[in-house]
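J.: Got a structure for you, written out below as structure tokens; questions coming shortly.
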Amino acid sequence: MEFGHIRRSEHLPARIAAQIARDITEGRMRPGEKLPTEHFLAKALGVSRSVVREAIAQLRNEGLVETRQGVGAFVTEPHARPIRIEQDDLANRQSFRDLFQLRVPLEIEAAGLAALHHTADDLARIDDALTSMSGAEKWTAEGIVADLAFHRAVAAATGNEYFSVFLGFIAERISLAIDAARAVAVLEEIVEVTIEEHIVVRDAIASRDPKRAREAMRMHILGAARRLDLTLEAY
């Protein structure tokens, strides 16, 4: 198994995850085999450890690896792996739109449940992701990593682990959409609008008002779709 530097024009976590996934599905990494450390992968691929961590989170959400506290990440047995959607499949616009449509009910419901059930730690994780999104790295790939972390933190705040599993999987597959949206708009405008939408979602969750949180998330998802010229159905 060899790792080469990832081109900066690509969405880094998704591309790194795809590279490792190919090594797994094509047999270059065997079930039970331990992945290289975050430090090794970051150095070999020429990226930050946070990007590697995001890629491993994607692989975990897809069931290709399992992580063990303090030990590392290991390739799972094939029979333990859930359904898999290849990134190339989403090159078809209708398939991409259909997957994005699936975000609508799941993300909206997650926001409402997060408003009801979040803990102080949950809100702190949401705030950490929002801080990263709003900081100096918001114009870079690290800002995209933080965007995904925000949505994972909201899913975790529902108190229902299945939201984390399904939304984590979908968000990672949709991740290239963020790059696409940035590519067709004035970057300063789209980033600031996106951050503002996330702030509204965060504040609604913090207020423990599920209706407000659901509406804030609905507006964000539909706004994200419009920036990709996608028409979604939402009621």
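J.: Just order 35-48, 149-162 by mean Cβ neighbour count inside 10 Å, highest at the front, would you?
T.: Highest to lowest by the protection proxy: 149-162, 35-48.
J.: Hey, another quick one. With no solvent and one equal point scatterer placed on each C-alpha of segment 91-130, evaluate the Debye formula and give log10 I(q)/I(0) for q = 0.15, 0.24, 0.26 Å⁻¹, two decimals.
T.: -0.52, -0.79, -0.83
J.: Let me ask another. Taking the Cα centre as origin and putting +1 on Lys and Arg beta-carbons and -1 on Asp and Glu beta-carbons, what dipole magnitude results for segment 12-80, to the nearest 20 debye? Show your work: numbers first, answer last.
T.: Numbers: 10 positive and 8 negative charges, 44 e Å.
For segment 12-80, the charge dipole is close to 220 debye.
J.: Using modelled amide H (1.01 Å from N, peptide plane; none on Pro or chain starts), what sits under 5 Å from the amide H of V47, excluding residues fewer than 5 places away?
T.: Amide H neighbours of V47, under 5 Å, 5+ apart: none.
None of the figures in this text is laboratory data; all of them are computed from the coordinates on show. Note that the coordinates shown come from a computational prediction; the quantities given were computed from them, not determined experimentally. A quick note on method: Cβ atoms are made from the backbone with ideal geometry, for glycine too, and the neighbour counts reach across all protein chains shown.
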